[in-house]
Structures are given as structure tokens and as C-alpha cells.
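> Handing you a structure now.
Readers should treat all values here as calculations from the given coordinates under stated rules, not as data from a laboratory. These figures come from a predicted structure and were not determined experimentally. Neighbour counts run over all protein chains shown; Cβ positions are idealised from the backbone, glycine included.
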Amino acid sequence: MTRDALLPALLGIARNVTGEEDLEFNSQTRFEDIEEWDSLNHIHMVVGMEDAFGIRFNDPSRLQSVVRVQDLLDLIADLKGL
Amino acid sequence: MQFLSSEFAVAFAAVFLLYWIVPGRAWQNLVLLAASLGFVLSFGTQAAVVLATSTLAEWAIAQRLGRTEPPRARRILLWTSVILNVGQLAFFKYAHFYVPELTSLLGGLGVHTATLHILMPVGLSFWVLQKMTLTLDVFHRRMPAEKNPLNCLLFTAFFPTLLSGPIEHSRNLLPQFAKPRAWDTSRFSQGVWLFVIGAFQKAVLADNVGALSESLLAPGHTGLALMAGIWAYAFQLYGDFAGYSYMARGCARMLGIDIKQNFLAPYLATNVSDYWKHWHISLTGWLNEYIYSTLSMALRRWGTYGIVAGIWVTFIVSGLWHGTGWTFFAYGCFHALGITVFTLSKDVRKRFKKRFGDTGWPEWAAVFLTFHFVCMGYVLFRAPGLAGAVSTYADLFRGTWNPATVEVDWLTLGLCAAAVFALQACIRPDKDVMWIFTRPVWFRVAFYLALGFLLLRFYAPSDRFIYQQF
């Protein structure tokens, strides 16, 4: 998987978790602006990302520090060694 | 020494002058530290000793943590801090649970139970959580360990936040202590405004409506009169605690320090989750960051069950943080239940909205229902025991609900309600009270005059801040 493929994959997971087929965001979107990304979906998203990307978010503080989608993509890329 | 006392006014004026006269950051911090320790000492020497020694212990742990890399060793240091702090809270806050047993044991050693009460340090619940962030922020690598123990002492004892918060993070305050602070007239004006609006909420709103809540919540009242007492208590609690928090922010800002906002129009919340994002924000944020997030992440493979477990543990801890006894446990469970229902009903609400559209549920109805859910929680919060709370709930269904036949000072209650909701309606859009500085001069002058008149006419400060008992 390349870095470029992370965003479409992430969008797919988010649509699957939230049940919103028309959900849209880009790398610059802030998570606080994604209405569907609430505390409940956040945990489901974490599990979805771990399963889809084959990673483990062992350090919750790194996840807590993400503000924009790009921050999360960078974190996933780092954990996957991309 | 309380914020609204002549002693505090004189002491603060002296500290303020000295703080802005001395040259440079180091001297300013020294003035702040001396003032903060003097503030603690005004409540007793034992309080100062407990605060100072436990802060130095926290500093030592954070220092060691900053130099430690192996994850297991880091976790051991973190748990050492957690156990020491929770132990400290449990020892002092829950002393009355085990005092009978301790009495005989300590009596043999020559220490009497009265000593335990004297040792209960002021603001313990607030500054212990604040102090813990010295280690927590280093553990989560949000900031390096603070090298100077005096800065750690200043952080824990910082007098504006000492008694009732807002509960600060070391990552927010310590960097501010490390930077030079230059005089800024506009920030000073903001500080004065924050203090005045806080004093208004405490000494005009809370303390006037407080007398009403005391009388209406006394045994013997039922039906609408009792409900009026619960409303009055809701306004009193808000005015009392939010008033303190605004005064604390005001004092800090006059000294060039920014501390976080603790209340943001909570009674205009449209659901219980929204309420907790706007009520006692610093505690909710602390619990959310260090308990809910950690727990729900650890239990993420449990799916929704893990999330629900995280919610219940967090709110039960919140309840027990407020006080000992089953009423506070029940208060935590009450809100945990509310949040759980709200969280798990999300899909149902979404389907309902899709089917019937957005028209059927006006926002005021959501605000009304949320406010009354919160009010029902206050019954548990205030009751001396579970039996008393159950009896209050039962009494609501007895007696009359005819406003013409109940003896309630509707004018005072109505004015306080109008003032609380109007103030919150002004705060909500700007997310702060700083809206006043964006208004035309004529409006500001008229507002200040009206506020000054109300302060002079209805100023009735009491020595008591409800949240200081926690």
C-alpha cells in the first residue's frame, strides 16, 4: 500500500463505520468538523483502521494529538513504515 | 481568604503591584509563588505542608520519568504517581469512612481524630488532579519534565486555581511561567471584566437565589414549590461555581496568565453530552483525556461494550470525585445512564430524523428537557442521603402544581433565571464572555452601569462556595 492509497482507504472505513455513504473529507479536514466522527465512532474507527491497515495504536496519546486527517494519515504511514 | 473578601482585595492589590514592578520573569514567578504559598497558609500550615511535600514528590517522579525510556519502567513510575495521588485523595476525602476504626489505632499513638479534619487541605480534589498532570503530561510525551521544583510548586499552588480550579494542565501553565510577561492594558481590562462578571454571578445571582433554594428545599415542600427550589438550586450552583471560575480567570489574566474556561453556557445544552462539554469543562476534559479515552482505547476490541464501560467508569469516578457517599455514586450513575442512552440511541435518532425531517424537534424543547434532566441529577447531588433523594423525587408528585396557590418568590427566581439564561445566551455564540469588547462603546457603558447598579443593589456575598467543600 502506498501513502496515496491511505486517504481513499480511510474514507472507505469511515463510510462503513458511520453508515454514511456520502461522507466526504480530505486530508486538510479537521476532525472536529466531521460531525459523524464522534467519540462512539472514533473507537469503531480505531478498530477498523487497525484491522484494515494491519497496525496497532498502542500509544493513545499519539491518536489524541491528531487534529486534521493528514495527521492521522501521517501516523498510519509511520506505523506501517511507509 | 475568599475572592470576595476585603483581605483578598488588599492582598491581591499588593501582589499585583509588586508583580508588575519587579524586573523579569524569574522575579515575577517568585512573587507568584510567595503569594500562592501565603494564600495556602491562610488556610492553615498543615495544608501548605501537605501540598508542598506531595508536589515535590510529584516533581521527583516526573523528573525520573523524563529520563526513563523502557515502557515498563515508565508505566511503573506512572502507577506510582497514580497510587500516591489517589491514596492522598482517599486518605483525606474519605477519612470519615474509616475514622472510627482509625480512632482507636491513632489514639494509641497519641493522634486524635480531630487532627485528621485539620489536615484536610483546601481545594484538595482540584489541585491533586492538577498536580497529577506534571507526571501524566510527561508520560504521554506532551511536554518535558519540569526541572525547577519551585515552578512545580507554583503550578500546584497557583492561587487563582487553588480552591476550586479550573483544573489546569502542566502543559498549559508551565510554559506560561517560563515566558516573559509584559504589561498589556487590554488583557488587564479583560481580567477585570472576567472578575466582575464572576463576582456578579456569585454575589448577586448565586447568593440571592441561594436563600430561596435553601428555604424551598427544606422538608415540607412538595409539587411546584419543590420544583422551584430545584430550579433555584440549579441557578445557585451555576452562579456559585461559574462565578468562582470567572473570578479565577480574571485574577490570572490580570497577572498575564491564561487559564482555561470552565463553563460555557451549560444550561443551553441540547443534550446531556452537550451539557458535559460545557459544565465544569476542566474536570470533564481531565476525565475524558486520562480515564475515558485510555479505558475505551484499552477496551476497543469489546466494541460498544468497551465504550459503555468507559462511560460508566468515568462518570462514577466523576461522582466520587465530588464527594463521598452513595448520593455521589448515584449522581455519577445517573449521568452515565443519560450519556449511555444518548450515545446508543444515535442510530435511532438518525433514522427518525431521516424519516420525519428536522422540523419536529425545536431546539428550545431539547434545552428544556436537558435542563430538567440535569435538575433531577442535582437532587442526588444535594441530598444528604439516598433516602432523602428518593423522598424528594416522590414529593415532586405530591402537593399542588398550581403556581397561583404555592408560596414562592417568583420575582427573585424569575429575575435570576432570566439573568442566567440571558448571560449564557450571550456567551454561547462567542464561546466566551469577551463579547462585551466587540460591542459599541454606548452599549458597553450602559451595560457596565447596569451591572454596577445590580452589584451595589443586590450584592450579598456569602463566605461559602459550594464546590469548595469538594
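> Along Cα→Cβ, 7 Å out, is where each label goes; now give me the distance between the ones at B:Glu69 and B:Lys346 in nm to one decimal.
3.9 nm
> Further, regarding this structure: In terms of the Cα gyration tensor, with a ≥ b ≥ c the square roots of its eigenvalues, is the protein assembly as shown rounded because a/c is under 1.5, prolate because a/b exceeds b/c, or oblate? Let's see the in-between values first.
Values: a/c = 1.36, a/b = 1.10, b/c = 1.23.
Because its axes are fairly even, with a/c under 1.5, the protein assembly as shown counts as rounded.
> Compute the Rg/Rh shape ratio of chain A: radius of gyration over Kirkwood radius, all on alpha-carbon atoms.
Ratio of gyration radius to Kirkwood radius: 0.91.
> Another one. For a 28 Å ceiling on Cα separation, which of these pairs sit above it: A:Lys80/B:Lys431; B:Lys147/B:Lys260; B:Lys179/B:Lys431; B:Lys147/B:Lys202; B:Lys147/B:Lys431; B:Lys260/B:Lys350? Before the final figure, lay out each step's value.
Working: A:Lys80/B:Lys431 39 Å; B:Lys147/B:Lys260 24 Å; B:Lys179/B:Lys431 26 Å; B:Lys147/B:Lys202 38 Å; B:Lys147/B:Lys431 35 Å; B:Lys260/B:Lys350 33 Å.
Over 28 Å Cα-Cα: A:Lys80/B:Lys431; B:Lys147/B:Lys202; B:Lys147/B:Lys431; B:Lys260/B:Lys350.
> What size of dipole, in debye to the nearest 20, comes out for region B:1-157 about its Cα centre when the only charges are +1 on Lys and Arg C-beta atoms and -1 on Asp and Glu C-beta atoms?
Working: 11 positive and 6 negative charges, 133 e Å.
Charge dipole, region B:1-157, about its Cα centre: 640 debye, nearest 20.
> Might you report the magnitude of the Cβ-based charge dipole of chain B about its Cα centre, with Lys and Arg at +1 and Asp and Glu at -1, to the nearest 20 debye?
On the way: 37 positive and 23 negative charges, 358 e Å.
About 1720 debye.
> Return B:Val31, B:Val82 ranked ascending by Cβ neighbour count within 10 Å, so the fewest neighbours appear first. Intermediate results must be reported in sequence, preceding the final value.
Numbers: B:Val31 19, B:Val82 15.
The order, fewest Cβ neighbours first, is B:Val82, B:Val31.
> What ranking, highest mean first, results for peptides B:274-285, B:235-246, B:292-303 when packing means the other Cβ atoms within 10 Å averaged over each residue?
Numbers: B:274-285: 20.2, B:235-246: 25.6, B:292-303: 17.4.
Packing order, densest peptide first, comes out as B:235-246, B:274-285, B:292-303.
> Summarise the partner chain shielding of A:37-43 as one whole number: the mean count of Cβ atoms from other chains within 10 Å of each residue's Cβ. Kindly include the intermediate steps, with their values, before the conclusion.
Numbers: counts 0, 3, 10, 10, 2, 5, 12.
So the per-residue partner count for this stretch is 6.
> Need one word for region B:1-139: rounded, prolate or oblate. Basis is the Cα gyration tensor (sqrt eigenvalues a ≥ b ≥ c); a/c below 1.5 gives rounded, then a/b vs b/c decides. Let's see the in-between values first.
Numbers: a/c = 2.78, a/b = 1.14, b/c = 2.44.
Oblate, because a/c is 1.5 or more while a/b does not exceed b/c.
> Order these by the 10 Å Cβ neighbour count, fewest first: B:Ile167, B:Ile197, B:Ile21.
Working: B:Ile167 26, B:Ile197 21, B:Ile21 10.
So the residues, fewest neighbours to most, are B:Ile21, B:Ile197, B:Ile167.
> So how do B:Ser54, B:Ser6, A:Ser65 line up by other beta-carbon neighbours within 10 Å, fewest first?
On the way: B:Ser54 19, B:Ser6 8, A:Ser65 13.
Result, fewest neighbours first: B:Ser6, A:Ser65, B:Ser54.
> Something else about it: Which ³J(HN,Hα) values in Hz, rounded to whole numbers, follow from the phi angles of region B:258-270 under the Karplus curve 6.51 cos²θ - 1.76 cosθ + 1.60, where θ = phi - 60° and Gly and Pro get x?
Calculated HN-Hα couplings, in order: 9, 10, 6, 6, 9, 9, 9, 6, x, 7, 9, 5, 9 Hz.
> Highest first, please rank the peptides A:68-76, B:432-440 by the mean number of other Cβ atoms sitting within 10 Å of their residues.
On the way: A:68-76: 18.4, B:432-440: 14.1.
Order by mean packing, descending: A:68-76, B:432-440.
> Moving on. What is the packing order of peptides B:346-355, A:14-23, B:322-331, taking the mean over residues of other C-beta atoms within 10 Å and listing the highest first? Display every interim value, and only then the final one.
Numbers: B:346-355: 11.3, A:14-23: 15.0, B:322-331: 18.9.
Packing order, densest peptide first, comes out as B:322-331, A:14-23, B:346-355.
> Still on this model: If the chain between B:Leu369 and B:Thr185 were fully stretched, how many nm would it gain, using 0.36 nm times the residue separation less the Cα-Cα distance? Show your work: numbers first, answer last.
Working: separation 184, 0.36 × 184 = 66.24 nm, distance 4.27 nm.
Length difference between fully extended and current span is 62.0 nm.
> So which trypsin sites (Lys or Arg not before Pro) in region B:54-85 are both in a DSSP loop and have at most 16 other Cβ atoms within 10 Å of their Cβ?
On the way: sites: B:Arg64, B:Arg67, B:Arg72, B:Arg74, B:Arg75; in loops: B:Arg67.
Here the trypsin sites (Lys or Arg not before Pro) that fit, given the DSSP loop and packing criteria, are B:Arg67.
> Along region B:429-444, what does the Karplus equation 6.51 cos²θ - 1.76 cosθ + 1.60 (θ = phi - 60°) give for ³J(HN,Hα), rounded to whole Hz, x for Gly and Pro?
Taking θ as phi minus 60°, the curve returns x, 8, 6, 5, 8, 6, 3, 4, 6, 9, 8, x, 4, 4, 5, 4 Hz for region B:429-444.
> Per-residue Cβ counts within 10 Å, from other chains only, averaged over B:306-319: what number is that?
Working: counts 2, 6, 1, 0, 2, 2, 0, 0, 0, 0, 0, 0, 0, 0.
Mean inter-chain Cβ contacts per residue within 10 Å come to 1.
> Follow-up question, since we're still on this one. What does the charge dipole of the protein assembly as shown about its Cα centre add up to, to the nearest 20 debye, if the Cβ of each Lys and Arg holds +1 and the Cβ of each Asp and Glu holds -1?
Working: 44 positive and 39 negative charges, 171 e Å.
Dipole size: approximately 820 debye.
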